[in-house]
Amino acid sequence: MTTFVDRVELHVAAGNGGHGCASVHREKFKPLGGPDGGTGGRGGDVILVVDQSVTTLLDYHHSPHRKATNGKPGEGGNRSGKDGEDLVLPVPDGTVVLDTAGDVLADLVGHGTSYVAAQGGRGGLGNAALASARRKAPGFALLGEPGDLGDIVLELKTVADVALVGYPSAGKSSLISVLSAAKPKIADYPFTTLVPNLGVVTAGSTVYTVADVPGLIPGASQGKGLGLEFLRHVERCSVLVHVLDTATLESDRDPLSDLDIIEEELRQYGGLDNRPRLVVLNKTDVPDGKDLAEMVRPDLEARGYRVFEVSAVAHIGLKELSFALAELVAKARAARPKEEATRIVIRPKAVDETGFTVTREEDGLYRVRGEKPERWVRQTDFNNDEAVGYLADRLGRLGVEEQLMKAGARTGDGVAIGPEDNAVVFDWEPSVMAGAEMLGRRGEDHRFEAPRPAAQRRRDRQAERDESDQEFDDFDPF
């Protein structure tokens, strides 16, 4: 059964914002209480947070679909909806977040580091928040925005100070088990270790971590065996240790050729040339292994390597090796640039920034793209004529109609607001007209010729009263 996963594709969905409420205050003796619809709650975010207690992405391998809760809708009496709860997903230290195209979105290193993978939608405004001097009692409210929805890739790169690299069955697992308290699986067949093992080593006042990287064989950097799956775990290590088997039973292998092959795989993988290296000649408790170690040691030292003859089984040479690694780790930590406190820079947008574009496509359709117009369209209830009119007013104040005119749009042309796969398309009817069509007799405006239900009801009631009064005046009992 799989117990270690270092790469998963995660499907995340943030919560939707709650809809605003369209309500009118009702109370005895207060027929005109005014609008009191509340605003909808914000949808919950999906947040990735580094947790030191998590060492694998196994949970997300079994459950790759994660969704935050939606915001609650607003209610009457100026009651706002409850915000959706954020979904916090713990990930191991060293997790890299990528999009499906392979571009890095975030590199999560350090306990508590977080990244918002999907942002919740805004809650829609209630009609109380939409009221103004010109619109005293709006009969509509804004819809909540949908939350972000998408796929991300989580890739784990082990955060360790020292990486043990070498052929399968070279003794890496045995070495890490005696240097630290780690308890990896140990056996006498290749590819015993199928997952990276981590161990903590204390040498004097220096405490550092050691990672056993499995699966390196010729062709590992091109995907052969398990190498390509685990070479990424070497990237964050400060020191590389070549563990060479001096007691191998394979006639075509020897420590020098093993070293050359592993170095070639590391070179092809790239980015590891500047890491300090040590060579460990393991299994020197075997007589033939001891003799072979003494034979190859001068050649290795001639190449510039520091060489240690050890035996994980007999606990030979381990103390010297651990202190040598501690020295290299201390130098690497001292050479790192000091981390500075993150500076928060606020860059407000220009006040006169239009924030949208109008383009004419080949089929004659005019497409409007921009954060504000698209958000306003998502928040509009197109079943409510008043809400549609409010949208038209907002687009007009933003300058969309003016830009459409400049782009050559005429009455009846198709206009789409939003991307191709999710756009609102309508036939454009300019609401701002200028020219002879606006002229009429002085003091008249044809825009007010449309029937007004409330005014018409008042006129009808007045006509009924006038008719009743006239009938009473004409009545003659004699």
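Could you please let me know if residue 86 is of a type outside the set (Gly, Ala, Ser), without any contact (Cβ under 8 Å) to a residue 24 or more places away in the chain, open to solvent by 20 Å² or more (accessible area, probe 1.4 Å) and touching a strand residue (DSSP E or B) at 6+ places or on another chain (Cβ under 6 Å)?
Details: of a type outside the set (Gly, Ala, Ser): yes; without any contact (Cβ under 8 Å) to a residue 24 or more places away in the chain: no; open to solvent by 20 Å² or more (accessible area, probe 1.4 Å): yes; touching a strand residue (DSSP E or B) at 6+ places or on another chain (Cβ under 6 Å): yes.
In short, no.
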- In region 227-241, is there at least one residue being at pLDDT 80 or above, polar (S, T, N, Q), in contact with a strand residue (DSSP E or B) (Cβ under 6 Å, 6 or more places away or on another chain) and surrounded by fewer than 23 Cβ atoms within 10 Å (Cβ to Cβ)? no
- Task: List the number of the failed condition for residue 49; all other conditions in (1) assigned to a loop (DSSP other than H, G, I, E, B); (2) β-branched (Val, Ile, Thr); (3) open to solvent by less than 50 Å² (accessible area, probe 1.4 Å); (4) farther than 30 Å from residue 129 by Cα hold.
- Result: (1)
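Restricting to region 140-157, name every residue that is among the aliphatic types (A, V, I, L, M), closer than 14 Å to residue 121 by Cα and surrounded by fewer than 19 Cβ atoms within 10 Å (Cβ to Cβ). I'd like the intermediate steps shown before the answer.
Keep residues of region 140-157 that are among the aliphatic types (A, V, I, L, M), which gives 141-143, 149, 152-154, 156.
Pick out the ones that are also closer than 14 Å to residue 121 by Cα and you get 142-143, 149.
Matches in region 140-157: 149 only.
Yes or no: residue 44 closer than 18 Å to residue 150 by Cα, at pLDDT below 90 and assigned to a loop (DSSP other than H, G, I, E, B)?
Working: closer than 18 Å to residue 150 by Cα: yes; at pLDDT below 90: no; assigned to a loop (DSSP other than H, G, I, E, B): yes.
No.
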- Which residues, counting only those in region 325-360, are in contact with a strand residue (DSSP E or B) (Cβ under 6 Å, 6 or more places away or on another chain) and either at pLDDT 85 or above or among the acidic types (Asp, Glu) (or both)? 325, 326, 328, 329, 330, 356, 357, 358, 359, 360
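Residue under question is residue 62, and the condition is that it be within 12 Å of residue 8 (Cα to Cα) and open to solvent by 50 Å² or more (accessible area, probe 1.4 Å); does it hold? Give the steps one after another, and end with the answer.
Values: within 12 Å of residue 8 (Cα to Cα): yes; open to solvent by 50 Å² or more (accessible area, probe 1.4 Å): yes.
So residue 62 fits the description; yes.
Within region 373-385, how many residues are in contact with a Phe, Trp or Tyr (Cβ under 8 Å, 6 or more places away or on another chain) and either among the small types (Gly, Ala, Ser) or modelled with pLDDT under 90 (or both)? Even if it seems obvious, please write down each step before you answer.
Taking region 373-385 as the starting set, the residues that turn out to be in contact with a Phe, Trp or Tyr (Cβ under 8 Å, 6 or more places away or on another chain) are 373, 380-381, 384.
The next check asks that each one be either among the small types (Gly, Ala, Ser) or modelled with pLDDT under 90 (or both); those that pass are 384.
Summing the residues that are in contact with a Phe, Trp or Tyr (Cβ under 8 Å, 6 or more places away or on another chain) and either among the small types (Gly, Ala, Ser) or modelled with pLDDT under 90 (or both) in region 373-385 gives 1.
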- Run down 37, 15, 41, 77 and say which single residue is within 30 Å of residue 387 (Cα to Cα) and surrounded by fewer than 17 Cβ atoms within 10 Å (Cβ to Cβ). 77
- For residue 56, state whether it is within 30 Å of residue 109 (Cβ to Cβ), among the β-branched types (Val, Ile, Thr), at pLDDT below 95 and assigned to a loop (DSSP other than H, G, I, E, B). yes
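Of all residues in region 366-391, count the ones that are open to solvent by 40 Å² or more (accessible area, probe 1.4 Å) and more than 26 Å from the chain's Cα centre (by Cα).
Taking region 366-391 first, the residues open to solvent by 40 Å² or more (accessible area, probe 1.4 Å) are 369, 371-372, 378, 381-383, 385-386, 388.
Cutting the leftovers down to more than 26 Å from the chain's Cα centre (by Cα) gives us 381-383, 385-386, 388.
Within region 366-391, residues that are open to solvent by 40 Å² or more (accessible area, probe 1.4 Å) and more than 26 Å from the chain's Cα centre (by Cα) number 6.
Check region 9-27 and report whether any residue there is in contact with a Ser or Thr (Cβ under 7 Å, 6 or more places away or on another chain), within 17 Å of residue 88 (Cβ to Cβ) and at pLDDT 95 or above.
Filtering region 9-27 for residues in contact with a Ser or Thr (Cβ under 7 Å, 6 or more places away or on another chain) gives 15, 20.
Of the ones still in play, those that are also within 17 Å of residue 88 (Cβ to Cβ) are 15.
If we keep only those that are at pLDDT 95 or above as well, we get 15.
Checking region 9-27: at least one residue is in contact with a Ser or Thr (Cβ under 7 Å, 6 or more places away or on another chain), within 17 Å of residue 88 (Cβ to Cβ) and at pLDDT 95 or above.
Residues checked against (1) β-branched (Val, Ile, Thr); (2) at pLDDT 85 or above; (3) open to solvent by 100 Å² or more (accessible area, probe 1.4 Å):
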site	(1), (2), (3)
405	no, yes, no
434	no, no, no
457	no, no, yes
461	no, no, yes
468	no, no, no
- Message: Return the residues of region 159-171 that are open to solvent by 10 Å² or more (accessible area, probe 1.4 Å), touching a helix residue (DSSP H, G or I) at 6+ places or on another chain (Cβ under 8 Å) and closer than 19 Å to residue 262 by Cβ; say none if nothing qualifies.
- Response: 167
- Message: I'm trying to understand the selection: among the residues of region 404-426, which are charged (D, E, K, R) and within 30 Å of residue 149 (Cβ to Cβ)?
- Response: 420, 421
- Of the residues that make up region 413-422, is at least one within 25 Å of residue 139 (Cβ to Cβ), open to solvent by 100 Å² or more (accessible area, probe 1.4 Å) and at pLDDT 85 or above? no
- Item | Total residues in region 285-299, condition in contact (Cβ under 8 Å) with a residue 40 or more places away in the chain, more than 20 Å from residue 175 (Cα to Cα) and among the hydrophobic types (A, V, I, L, M, F, W, C) | 1
- Condition set more than 21 Å from residue 297 (Cβ to Cβ) and surrounded by 11 or more Cβ atoms within 10 Å (Cβ to Cβ), scope region 243-270, selection farthest from the chain's Cα centre (by Cα): answer is 264
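The values are calculated or read from the model by the stated rules, or taken from the named source; none is laboratory data. Since the structure is predicted, the reported quantities are computational estimates derived from the model, not experimental observations. A quick note on method: Cβ atoms are made from the backbone with ideal geometry, for glycine too, and the neighbour counts reach across all protein chains shown. Heavy atoms of the whole protein, side chains included, go into the accessibility calculation; ligands, DNA and RNA do not. Shrake-Rupley method; radii C 1.70, N 1.55, O 1.52, S 1.80 Å.
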